[in-house]
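For reference, the structure is listed below as structure tokens.
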Amino acid sequence: MRHAVAPSESVENNSIAVTGLLKICTHCERLNKKDLGIRIPRPLGNGPSRFIPEKEILQVSKVDSRTQSIFEDAFAALGRLDNISLLMSFHPQYLESFLRTQHYLLQMDGPLPLHYRHYIGIMAAARHQCSYLVNLHVNDFLQVGGDQKWLNGLNEAPKKLQQLGELNKILAHRPWLITKEHIERFLKAEEHSWSLAELIHAVVLLTHYHSLASFTFGCGIMPEINCDGGHTFRPPSLSQYCVCDIANGNSHANHHDDLLGNQEMCGEVEVLMKRMKQLQECRDDEEASQEEMATRFEREKTESMLVVTAEDEDSVPSRDISRHFEDTSYGYQDFSRRGEHVPTFRAQDYSWEDHGFSLVNRLYPDVGQMLDEKFQMAYNLTYNTMATHKDVDTSMLRRAIWNYIHCMFGIRYDDYDYGEINQLLDRSFKIYIKTMVCSPEKTTKRMYESFWRQFQHSEKVHVNLLLMEARMQAELLYALRAITRYMT
């Protein structure tokens, strides 16, 4: 049996064994003079994330027995423990649900063949220029017998997969535009037609990897040392520090949180907690009319269109990435600036709980249940803490984050007061949310650091899980509603 992990183990062992070759302290300089005739890779990053210090990310050797077991199962299934799992391990309950769902989608019995599944993952990740996920699935695609020619570009793939190109781009950037006519083209094509079960499988994979690209960029995830973009062979150029210091997390690069100074942010958490308390009291004292609730939703939806996602110009995807999808200029845009708007999708007319869940479970057994558990896990996950404060009910804040994302996609819950969003989510947080959800490839470390600066990194990772799952559910709702309309 092919053992895909041996090369990475070899690379890592070699790196550890000859770490001295890369050091510039006296001892290392002496070792450096020895010519062993081999090129030693050096990690480009300092840990699994560009945003979170390595020392704060749970390491395999330090985690509890439950997380250790989850890691072992993941390694047995995939032959690797990737940096996504390491970041999610801040929240082992969620990680377990995520890995179980992903394993089922990619490896267990289902409507689509294995190599199609990985190729769809490549297409979806490429839509957001997520080279990290693209490279992972290129390797997996080849390991399960995928045709190397398909990797030359989408035009080299079978016509059946090429048909997904249009659905891929609309789901990723403007899912409200999906209609039953799009669905009909898949199911009634004279050649290369799809079954309903195959289409459901493809839709779940596309939405899974669009949202996972958001999480990847939102956490600043770095490639592993044995992956493309994860290492270099060039010697380091550093002042005052030996590479052994950098490798052990002793550089100044990890101390930004300590050096920022919290004077201007003093009381951030207390202010937020006070607002939550006041909103709860207002809920108890008075209830807004349905007309007022609808007005507040439309106001928030319009304002969300005007939130600027990034300072930089649109980035142009590299050829390595763009060959996996069509229409590179198509993306999320500020529709209100062109006189357009996102139509309102009323959750009471079509919801995940009452409609989407049963449709997925009927056409792709067990997956509806797994997705539902994963959504619920992210939404309900709480440790009843906010920064250093304990015994805090965070349900109001979690609901505001989830509903704000759905609001950006035009989804309205009749029983929610959208006036709460502006009270709980400040502008820097909204910029981060919109960028990560709509244009994740533009997410920067500055954006990550600019919101909730008094909160723990584990709490920000939890936010990213909420954003990822809320985005996935929003995309799914539009696709599943279109499928339901086609069926009826």
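For Asp320, state whether it is part of a helix (DSSP H, G or I), open to solvent by 40 Å² or more (accessible area, probe 1.4 Å), over 26 Å from Leu167 (Cα atoms) and at pLDDT below 75.
On the way: part of a helix (DSSP H, G or I): yes; open to solvent by 40 Å² or more (accessible area, probe 1.4 Å): yes; over 26 Å from Leu167 (Cα atoms): no; at pLDDT below 75: yes.
Taking the combined requirement at face value, the residue does not satisfy it.
Just to be sure, is Asp354 under 22 Å from Leu171 (Cα atoms), modelled with pLDDT of 95 or more and open to solvent by 60 Å² or more (accessible area, probe 1.4 Å)?
yes
Can you name the residue in the range 185-200 that is part of a helix (DSSP H, G or I) and not acidic (Asp, Glu) and is also farthest from Asp366 (Cα to Cα) among such residues? I'd like the intermediate steps shown before the answer.
Going through the range 185-200, the residues part of a helix (DSSP H, G or I) turn out to be 185-187, 196-200.
Next, only the ones that are not acidic (Asp, Glu) stay: 185-187, 196-197, 199-200.
Numbers: Arg185: 27, Phe186: 24, Leu187: 23, Leu196: 16, Ala197: 13, Leu199: 16, Ile200: 13 Å.
Here the answer is Arg185.
What are the pairs, 6+ residues apart or on separate chains, where a residue within the range 140-154 that is among the β-branched types (Val, Ile, Thr) has its Cβ under 7 Å from a residue that is surrounded by 14 or more Cβ atoms within 10 Å (Cβ to Cβ)?
From residues that are among the β-branched types (Val, Ile, Thr), the pairs are Val144/Leu114; Val144/His115; Val144/His118.
Assess whether Glu264 counts as being at pLDDT below 95, open to solvent by less than 90 Å² (accessible area, probe 1.4 Å) and either closer than 24 Å to Thr385 by Cα or in a loop (DSSP other than H, G, I, E, B) (or both). Please lay out each step first, then the result.
Values: at pLDDT below 95: yes; open to solvent by less than 90 Å² (accessible area, probe 1.4 Å): no; either closer than 24 Å to Thr385 by Cα or in a loop (DSSP other than H, G, I, E, B) (or both): yes.
No: the conditions fail for Glu264.
If the requirement is being over 15 Å from His208 (Cα atoms), at pLDDT 90 or above and in a loop (DSSP other than H, G, I, E, B), which of these qualifies: Leu87, Leu112?
On the way: Leu87 fails: in a loop (DSSP other than H, G, I, E, B).
Among Leu87, Leu112, only Leu112 is over 15 Å from His208 (Cα atoms), at pLDDT 90 or above and in a loop (DSSP other than H, G, I, E, B).
Inside the range 346-373, can you point out the residues that are of a type outside the set (A, V, I, L, M), within 25 Å of Asp414 (Cβ to Cβ) and assigned to a loop (DSSP other than H, G, I, E, B)?
Step one: filter the range 346-373 for residues of a type outside the set (A, V, I, L, M), giving 346, 348-358, 361-362, 364-366, 368-369, 372-373.
The next check asks that each one be within 25 Å of Asp414 (Cβ to Cβ); those that pass are 346, 348-358, 368, 372.
If the condition is that a residue be of a type outside the set (A, V, I, L, M), within 25 Å of Asp414 (Cβ to Cβ) and assigned to a loop (DSSP other than H, G, I, E, B), then Gln348, Asp349, Tyr350, Ser351 are the ones that fit.
So which residues in the range 137-149 are under 28 Å from Lys442 (Cα atoms) and either surrounded by fewer than 21 Cβ atoms within 10 Å (Cβ to Cβ) or more than 18 Å from the chain's Cα centre (by Cα) (or both), if there are any at all?
Residues of the range 137-149 that are under 28 Å from Lys442 (Cα atoms), as a first pass: 137-141.
If the condition is that a residue be under 28 Å from Lys442 (Cα atoms) and either surrounded by fewer than 21 Cβ atoms within 10 Å (Cβ to Cβ) or more than 18 Å from the chain's Cα centre (by Cα) (or both), then Val138, Asn139, Asp140, Phe141 are the ones that fit.
Could you tell me whether Phe409 is within 28 Å of Leu99 (Cβ to Cβ), touching a strand residue (DSSP E or B) at 6+ places or on another chain (Cβ under 8 Å) and open to solvent by less than 10 Å² (accessible area, probe 1.4 Å)?
On the way: within 28 Å of Leu99 (Cβ to Cβ): yes; touching a strand residue (DSSP E or B) at 6+ places or on another chain (Cβ under 8 Å): yes; open to solvent by less than 10 Å² (accessible area, probe 1.4 Å): yes.
Considered against the rule, which asks whether it is within 28 Å of Leu99 (Cβ to Cβ), touching a strand residue (DSSP E or B) at 6+ places or on another chain (Cβ under 8 Å) and open to solvent by less than 10 Å² (accessible area, probe 1.4 Å), Phe409 comes out as yes.
Looking at the structure I just gave you, is Val134 more than 20 Å from Leu363 (Cα to Cα), surrounded by fewer than 20 Cβ atoms within 10 Å (Cβ to Cβ) and hydrophobic (A, V, I, L, M, F, W, C)? Give the steps one after another, and end with the answer.
Details: more than 20 Å from Leu363 (Cα to Cα): yes; surrounded by fewer than 20 Cβ atoms within 10 Å (Cβ to Cβ): no; hydrophobic (A, V, I, L, M, F, W, C): yes.
In short, no.
Among what's in the range 162-184 and is charged (D, E, K, R) and over 22 Å from Gln129 (Cβ atoms), pick the residue that is surrounded by the most Cβ atoms within 10 Å (Cβ to Cβ). Give the derivation first.
Pass one, the range 162-184, residues charged (D, E, K, R): 166, 169, 174, 180-181, 184.
This time we only want the ones that are over 22 Å from Gln129 (Cβ atoms), so: 180-181, 184.
Details: Lys180: 15, Glu181: 10, Glu184: 13.
Across the range 162-184, the extreme among qualifying residues is Lys180.
For the subset of the range 284-293 comprising residues that are free of Cβ contacts under 8 Å to residues at least 24 places away in the same chain and either part of a helix (DSSP H, G or I) or among the basic types (Lys, Arg) (or both), which member is surrounded by the most Cβ atoms within 10 Å (Cβ to Cβ)? Don't jump to the end; show me each part of the working.
The first filter runs over the range 284-293 and keeps only residues free of Cβ contacts under 8 Å to residues at least 24 places away in the same chain, leaving 284-287, 289, 291-292.
Checking the rest, the ones that are also either part of a helix (DSSP H, G or I) or among the basic types (Lys, Arg) (or both) come to 284-285, 291-292.
Working: Asp284: 8, Asp285: 7, Glu291: 8, Glu292: 12.
Applying the filter and picking the extreme gives Glu292.
Which residue, of Phe345, Phe325, Phe375, is at pLDDT below 90 and not acidic (Asp, Glu)? Even if it seems obvious, please write down each step before you answer.
Details: Phe345 fails: at pLDDT below 90; Phe375 fails: at pLDDT below 90.
Phe325 is the lone residue from the list that is at pLDDT below 90 and not acidic (Asp, Glu).
The values are calculated or read from the model by the stated rules, or taken from the named source; none is laboratory data. Predicted model only: the values in this text are computed from it and were never measured. Backbone-built Cβ (ideal geometry, glycine too); neighbour counts: all protein chains shown. Surface accessibility is based on the protein's heavy atoms, side chains included, excluding ligands, DNA and RNA. Shrake-Rupley method; radii C 1.70, N 1.55, O 1.52, S 1.80 Å.
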